[in-house]
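Student: Please see the structure below; I have some questions.
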Amino acid sequence: MNMKKFYIAILVCTALLSSCKKDFLDKTPLDKLSEEAVFNSDALAENYVNSLYVVLPDPFQEGNISAITDEGFFRYGGTSTRYILAGTMTPDNILPIAEGGQAHDTRTTTLNIWNRTYEWIYMMNTFIQKVEAGTKMSADASKRLLGEVYFLRAWSYYNLIQRYAGVPIITKVYTLDDTYDVTRDKFDDCVDFILGDLEKAEEMVPTKENCLLGRINKDIVLALRCRVTMLAASAFFNDPAYPQGDIIHGAYDYKGKWDRAYQAAKAIVDRADVDGAYSLTSTYEGIWNDIYSPEVIWGKFFVSNADATTNYAKKAQLLYSNVYFNGWTSLNPTQAFIKDVEMRNGKKFFEEGSGYDPEHPFANRDPRLYKIVGFPFSYYQNTEAGKTNAELPQGFVFGPSYKGDETMGYPAFKDLNGVAKQGYPSNQLQLYLLFDDKDRSDFEAGKKYPDYTKKAAHLWDASSHTGCELTKWYIPTSPITESEVGSLLYPWFRLGEMYLNLAECAYMVGNTGECQKYINKVRSRADVMMPPVTETGTALWDRLVNERRVELSFEFIRYFDLRRWKVAEKYENVPLAGMLPMVLQKGSKQDTLYRVVRLYDESKNNTNYYWPNTDASKTYTYSSVTPAGDRDGKPIEYIIEEEWLGKKYKLDYGDCPLNISPSAKYFPFRNGVYPNYLMPIPRSEITKSHGQIEQNPGYE
């Protein structure tokens, strides 16, 4: 914690002139503003509060948290994501280089937020202290801005306890003369403190109808209260093994805490279903391409309102690359994620009656999959420098497969006016290997695949790529360049999440019908229309978990869901697997084989699935892999048992490229604990506290 004397240095781009005193030494520096000036001016105080909104960076970083879960992989994450996904995180290697550590300064995962968050909390405490002591600000501005800061302090502490459990509650404005010897407060005390700040904020901030877009209003307070109370009620923090509670766990109270969470979730959902303040967008991509989306409760906006409909592409903030030129890619979805996206009939691909066709593994799936992931041969606008399509489509469109097969099951190609067109758009993702003068018989030479002729565009390195691209957050009509990939906003809170939050709370308090109702509200979005969920009991829980997995994918949520549910060791030990299409071209015949996750087949144990096994002595075989890195000596298992809706299945990842990362995924178990459920507290902070701050389990 960098507790410095309070000092404000704001570069001002307006005509703020100092008073014209005769004595030159009495003039106020033009690039600095005094405390008195800031806290006695509505405009300057608002600028001060505006700066506090960035206490938590948006997730649109290259090293997105999704790359540490089973959702995606970040190939350039050597000092930002890989050491976390590989289970080698320590109190020393999480510090960024700028703070004297080893982690990348800009490819941040926004997980190690201890130092920066407490620096912002210091500024928040300063504002609260100054305003509550009395200022010359107007009463309206003073009340509103104070309410915003109380919310932002609650938001800051919520993000801390998500990552670290109980943390020091600091309301004092420390000076250089103070001794920093704080200790961690109990988890429940932190939750109560956050809820207290939210109660104050709710009294002071305006309603949505009387608030500027992006600023804190009463509904945003309700949404955060929903998340905080769910976190406190969830299995990791509300564990019967710790009935009295401590710095890691709350005092166990299943009914009381889930009842509280249910009421909090219902309060924000009622703002939509009763008051009509929010509604689901008609299209899934509306949550990121429409700043006036009726679904967004609180978002970070990357353009000004005035430019949103005319010039947003030039003003959108850089996210992370989807497909860059010459293969420069960033966050890529994994097979572990794709295999969980249901077929159009509501079954997973490995269930009997799903209709899954291994020759067309991406056909006839939940329509959201086509908005989230770009597959080989799918349409993708502006993927190469200088190339555009004459008819720019609205949203994502897909045409027939590379082979001219009309049965892929993708939506039809339409022009800007919604008119169906014949033929295939010029731009498509070509994530495959091409084998000239080869057919399936050539695979029986005992190799995983024969020597290929070339890698297609956008497959720079077949051994370190998941074989598909992330298209969520991408707007097709916005050009991709080396400096920008356009999204208009990131939704911190949206109605789709709140519906699923209420569904979870309803399940936990025993209201099966309400749980089904709110899952089905999300599934019945106009461009989704998935079959309704009818299951009960543990099968209903499976449905809820999977619905959050798909609907909220790549939204900063999966990482924390797996931890609060106490199931991270199950999902984060699934192998980090990609997929690879192989196009065989012999004469006029063209064939495509897919290396993807399969339902395990005993008759093909340790052999490839993508050609007939006519001679086992000549076919390529695979087995468990012992990768580089410690992994505590454990190999990567490629056959994973999974339970779904009361039945057990074996899923075989053996065909998949399993060497896409030099660091294998591993959720470690050491000294009787799974340490990665929480972040380690930086060692420098423990040293600074003279050992008063207790380290999280497993990182001692």
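The values are calculated or read from the model by the stated rules, or taken from the named source; none is laboratory data. Being a predicted model, the structure only gives us computed values, none of them experimental. Every residue, glycine among them, receives a Cβ derived from its backbone with ideal geometry; neighbour counts consider all protein chains shown. Ligands, DNA and RNA are stripped out before the accessible areas are found, and what is left, the full protein with its side chains, is counted by its heavy atoms. Shrake-Rupley method; radii C 1.70, N 1.55, O 1.52, S 1.80 Å.
Student: Top to bottom by accessible area (1.4 Å), largest first, where do 117, 538, 171 land?
Tutor: Sorted by accessible area, descending: 538, 171, 117.
Student: While we're on this one: Keeping all protein chains in place, calculate the accessible area per residue for the stretch 195-285 (probe 1.4 angstrom), answer in Å².
Tutor: That works out to 40 Å² per residue.
Student: Another question, then. Would you mind calculating the gained length between residue 692 and residue 517 on full extension (0.36 nm times residue separation, minus the Cα-Cα distance), in nm to one decimal?
Tutor: Between residue 692 and residue 517, full extension yields 58.2 nm more.
Student: Okay, moving on. For the stretch 215-228, take each phi angle, set θ = phi - 60°, evaluate the Karplus expression 6.51 cos²θ - 1.76 cosθ + 1.60, and give the result in whole Hz per residue in order, putting x for glycine and proline.
Tutor: 8, 6, 10, 4, 5, 5, 4, 4, 5, 5, 4, 4, 5, 4
Student: Can you list residues whose amide H is under 5 Å from residue 590's amide H, if they're 5+ apart or on another chain and H is modeled 1.01 Å from N?
Tutor: Here the answer is none, since no amide H 5 or more places off falls under 5 Å of that of residue 590.
Student: Let me ask another. Note the full-extension length gain between residue 301 and residue 671 as 0.36 nm times their separation in residues minus their Cα-Cα distance, in nm to one decimal.
Tutor: That works out to 128.8 nm of additional length.
Student: I've got another one for you. Given a 1.4 angstrom probe, what's the average accessible area per residue across the stretch 503-599, in square angstrom?
Tutor: With all protein chains present, the stretch 503-599 gives 30 Å² per residue.
Student: Counting Lys +1, Arg +1, Asp -1, Glu -1, what net charge surrounds residue 438 among other residues with beta carbon under 11 Å of its beta carbon?
Tutor: That sum, taken over residues with Cβ under 11 Å, equals -3.
Student: Next question, about the same structure. Let me check I've understood the local charge: for residue 697, count other residues with C-beta under 12 angstrom from its C-beta, Lys and Arg +1, Asp and Glu -1. What total comes out?
Tutor: -2
Student: Continuing with the same structure: Out of residues 5 or more away from residue 184 or on other chains, whose amide H comes under 5 Å of its own, with H placed 1.01 Å from N in the peptide plane?
Tutor: HN-HN under 5 Å from residue 184: 694.
Student: Here is a follow-up. Calculate one ³J(HN,Hα) per residue across the stretch 520-530 by plugging θ = phi - 60° into the Karplus curve 6.51 cos²θ - 1.76 cosθ + 1.60, and present them in order as whole Hz with x for glycine and proline.
Tutor: 6, 4, 5, 6, 9, 3, 4, 9, 10, 6, 7
Student: Whose amide H sits under 5 Å from the amide H of residue 374, counting only residues 5 or more places off or on another chain, with H placed in the peptide plane?
Tutor: Distant-sequence amide H within range of residue 374: 469, 470, 471.
Student: Step through the residues of the stretch 358-366 one at a time and calculate ³J(HN,Hα) from phi using the Karplus curve (6.51 cos²θ - 1.76 cosθ + 1.60, θ = phi - 60°), rounding each to whole Hz and writing x for Gly and Pro.
Tutor: Per residue, the Karplus-derived 3J(HN,Hα) values read x, 6, 9, x, 10, 7, 6, 9, 3 Hz.
Student: If you don't mind, there's one more thing I want to ask. Give me the percent of accessible area attributable to carbon and sulfur for the stretch 511-596, probe 1.4 angstrom.
Tutor: Roughly 52 percent of what the probe reaches on the stretch 511-596 is carbon or sulfur.
Student: How much of the accessible area of the stretch 185-243, probe 1.4 Å, is carbon plus sulfur, in whole percent?
Tutor: 54 percent
Student: Summing Lys, Arg as +1 and Asp, Glu as -1, what charge do residues with Cβ under 11 Å from the Cβ of residue 113 carry, residue 113 excluded?
Tutor: Combined, the nearby Lys, Arg, Asp and Glu give +1.
Student: Would you mind working out the accessible area per residue for the stretch 37-135, using a 1.4 Å probe, and quoting it in Å²?
Tutor: 30 Å²
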